[in-house]
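The values are calculated or read from the model by the stated rules, or taken from the named source; none is laboratory data. As the structure is a computational prediction, the values presented were derived from the model and not from experiment. For neighbour counting, all protein chains shown are included, and Cβ atoms are generated from backbone atoms with ideal geometry for every residue, glycine included. To get the accessible areas, we keep the full protein, side chains included, count just its heavy atoms, and leave off ligands, DNA and RNA. Shrake-Rupley method; radii C 1.70, N 1.55, O 1.52, S 1.80 Å.
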Amino acid sequence: MSASTEGNARAAGYTPHPYVGGRTAALRALAAWRMRWPGAPRVIVLTGNPGSGRSRLLTGFLMMCDPEYRKQLPIDDLDPATVPPDLPAPAVPSAAGRTAAQVLWLLADHFELAAGRTEDVFAELAARDEPVTIVVPDVDQAGPVRAAEEATRVVREVLTPLAATETVQLLADVPRELATELAGALPASQVQVIDLDAPEWADPKGLVLHAETALDAGSGAPELPYTTDPAARRALAEALAARAAGSRLTVQLAVQSLLMQPEGFDPADASQLPTSVGEALDLHARRLGADPQTLRLMLAPLAFAEGDGLPVQLLGTLANAVAGRDMSQDLADGMLLAAPFIQPVEPSSEDDEDGTGEDAEAGAGDGRTLLRLMHPALAEEIRSGLPDVRDTQTRIAMALLEEVPQQDWAQADPYIRDHLAAHTLEAGLLPQLLTDPGLFAHADPVTLRAAIEAVPLEQLGAPARTYLRTAPLLTRSQASATLRAAFLESAFVEDGLAPYAEALHTRGFRLPWRTLWSVPLAGVRAVTTGSVAAAGEDGTAVSRSVAALLVPEGTPGSRTLPAAADGAVAPQDGTGAADGTAAGEDAGAVNGDGAAAAGGRTALLLHDLRAPEYVDADPSLVMQPSEEDRAAAPLGFSRGADYLRVWARADRRMVAALVSDSPVTDADLSPDGVLVVATERGVTARQILVAAPPAAPSVPAQRTGTTDADASHGLEGDHS
């Protein structure tokens, strides 16, 4: 199959694909791959220059792979060799904006795998009886942070292992610099590289048809001599295609430019037709009597925009920062100048909303419009023309930081809150930004985590390392800003950063708890709360509230109880239920048999319930709350393997929800509302603040591994 098949298809009278408008050779290769034709490769790597039309080709092919969408296509009129068989749609986890982990877990959810670790995903796919078909588009747009180079991780951590799995039939749209690496990991007989800019896959006639269709007045173009006259339209289309060197994007930009502003355009003057994306920008500006550099400066903020796009209200601020002068008049006069290269975008609900109730960020749900460039290649062209990208990012980051009212992240524009870290990353300033716990709580955890992970660990301060440790929990739980603050508050206490924990109580959050203390004590078998007589500062006996921890014998500071006293203290047995019943309300005594069953002899260690210190007292004298005391307490709790819920007994209203990043071994709740939780990492005590609103993260039902991805089902036909 080669470009010569294009002419053969047209000679046979077949209709071009209505969306692709050509690419017969490539479509035939993809159809053969889909039907597993003898000799067809198991893996296809689709690549080409930016703007070569990879996404358009892949979208057109997926239209025919979707059983519902193909009903809308003239399938019977197309070249039969380009039409894939009518099979269930492949899995299509788009990499655009996603981390490698998100792409992988989208696949795990789609195929309903029980995998808990990344390597398990590939093992389960390899064990399937029937092969699976996977199409991964937009790898060049992977990751929530541009400078983090997530595309490389997607290729190395997801696509390469998938390609090596014999039960996987893989088609991936990959940048050229990574295509060779991916293809080189497989035997030549199993992989095919389709480079749309290579002579054997080039489609010059299809490019002419693309231009001709875009110029057609019948397709919505304004009525002009070269849009209404078929001969003139064909001549201009051929001239555009000849000058564009195979770039679909160059043709598209040229057509948009002349149709939006036809004045001053002479179709007979080939010098007005661009040969590259950059020339399309400059020719457009000159034809409208503007300075090309001014146009590039107007578009520069969009060339650096992260996520779905830049809020329109920030465009002027950032244009001034990039240019180093007031650009307001240029922007006011130049929107028609910039129009062919800009695309408005309505923000998704995930971008606008963060949690519920008082956690909704300023600006959320206000119908704001985002702007972005028509194509990523435009951004690369504009960025490459700037003298110093890092300096430009520094000025952008400083301008964004100045837009945060009183440095209160709750009032910050959602774009600044979520993407400032990405700008400071490329500016080389991210470590200096990572000192405000308010930003940690308000920023989107997937985006912030991706930015921080791109910084060498040795360059990060202690707060940033705590955030990085906690980030998987924040993303897995899908917590609101308030609960992210609560989880981080505990993490700071666990890591000995009490001032950062305390700062979160001053940032306007209504936290569900205050973390009182945390000890990195491994091997705690059970915990209970109670009181014990201990010596006060003046030597007199005082009653102190304590947490009694059942630990392995020999733990420093612990005491092994005499056999006769065993059971005088009754730590909870760790059998809390997840069905709404209170865990530990019926305390079971720990006796010798229980200690043996737990895997060895045990001892008791007493810790002050409210202060970060141990208590030197006879553990056999600890008094637990009575059943009447517990029943009269205002709060109860229930727990699962890695989460707890605290609820008000009066109305069963949930007042706090805790998700742990390590398995919970036991927990107890004192009558006055101190929750003591033992995990495989250690023991932490939290004072429950009953006034906090009931806001709960989602609790994963099965998987124990951490992931950034929301559960996703029904990926078939996802052409986004």
Quiz prompt | Cleavage-rule hits, GluC sites (Glu not before Pro), the range 153-205, DSSP coil, Cβ neighbours within 10 Å at most 14 | solution = Glu166, Glu200
Exercise. Would you work out the relative contact order for the range 102-186, in percent, from Cα pairs under 8 angstrom that are 6 or more residues apart?
Key: 32
Practice problem: Taking all protein chains together and a probe of 1.4 Å, list Met623, Met654 from the most accessible to the least accessible. | Solution: Met623, Met654
Self-check item: Convex hull of Cα atoms in the range 1-160, direction-averaged projection (nm²)
Solution: 10.5
Quiz item: Net charge near Ala126, counting Lys/Arg +1 and Asp/Glu -1 over other residues with Cβ under 15 Å of its Cβ?
Solution: -3
Quiz prompt | trypsin sites (Lys or Arg not before Pro) within the range 471-536: DSSP coil, no more than 11 neighbouring Cβ in 10 Å | solution = none
Exercise. Note down the relative contact order for the chain as a percent, whole number, built from C-alpha pairs under 8 angstrom at least six residues apart.
Key: 12
Practice problem: With a 1.4 Å probe and every protein chain left in place, tell me how much accessible area Arg98 has, in Å² to the nearest 10. | Solution: 70
Quiz item: In what order, largest first, do Glu627, Glu150, Glu124 sit by accessible area if the probe radius is 1.4 Å?
Solution: Glu627, Glu124, Glu150
Exercise. Identify, among Ile342, Thr528, Val690, the residue whose Cα sits farthest towards the positive end of the charge dipole of the chain, taking +1 on the Cβ of Lys and Arg and -1 on the Cβ of Asp and Glu, with the dipole about the Cα centre.
Key: Ile342
Practice problem: Could you do me a favour and compute the accessible area per residue for the chain, 1.4 Å probe, result in Å²? | Solution: 41
Practice problem: Using amide H atoms built 1.01 Å from N in the peptide plane, name the residues 5+ places from Ala142, or on other chains, whose amide H lies under 5 Å from its own. | Solution: Gly97, Ala151
Quiz item: Quick one: putting +1 on the C-beta of Lys and Arg, -1 on the C-beta of Asp and Glu, what dipole do you get for the chain around its Cα centre, in Debye to the nearest 20?
Solution: 840
Exercise. Compute the Cα gyration tensor for the range 16-99, then decide on rounded, prolate or oblate, letting a ≥ b ≥ c be the square roots of its eigenvalues: rounded whenever a/c is under 1.5, prolate when a/b is larger than b/c in the other cases, and oblate in all that remain.
Key: rounded
Quiz item: Long-range amide H contacts for Asp197: which residues qualify at under 5 Å (H placed 1.01 Å from N, peptide plane, sequence gap of 5 or more or a different chain)?
Solution: Asn49
Quiz prompt | Square roots of 5 times each gyration tensor eigenvalue, C-alpha, the range 403-540, largest first, Å | solution = 33, 17, 14
Practice problem: Run a plain Debye calculation on the chain (Cα atoms as equal point scatterers, no solvent) and give log10 I(q)/I(0) at q = 0.09, 0.10 Å⁻¹, rounded to two decimals, same order as the q list. | Solution: -0.90, -1.03
Practice problem: Would you work out which of Ala32, Phe304, Gln141 lies farthest towards the positive end of the dipole of the chain, given +1 charges on the beta-carbon of Lys and Arg and -1 on that of Asp and Glu, about the Cα centre? | Solution: Ala32
Quiz item: Summing Lys, Arg as +1 and Asp, Glu as -1, what charge do residues with Cβ under 13 Å from the Cβ of Val532 carry, Val532 excluded?
Solution: -1
Quiz item: Where the accessible area of the range 487-558 is counted over protein heavy atoms with a 1.4 Å probe, how much of it, in %, is carbon and sulfur?
Solution: 52
Exercise. Give the long-range amide H neighbours of Ala603: residues separated by 5 or more places, or on another chain, with amide H under 5 Å away, using H modelled in the peptide plane at 1.01 Å from N.
Key: Val551, Glu553
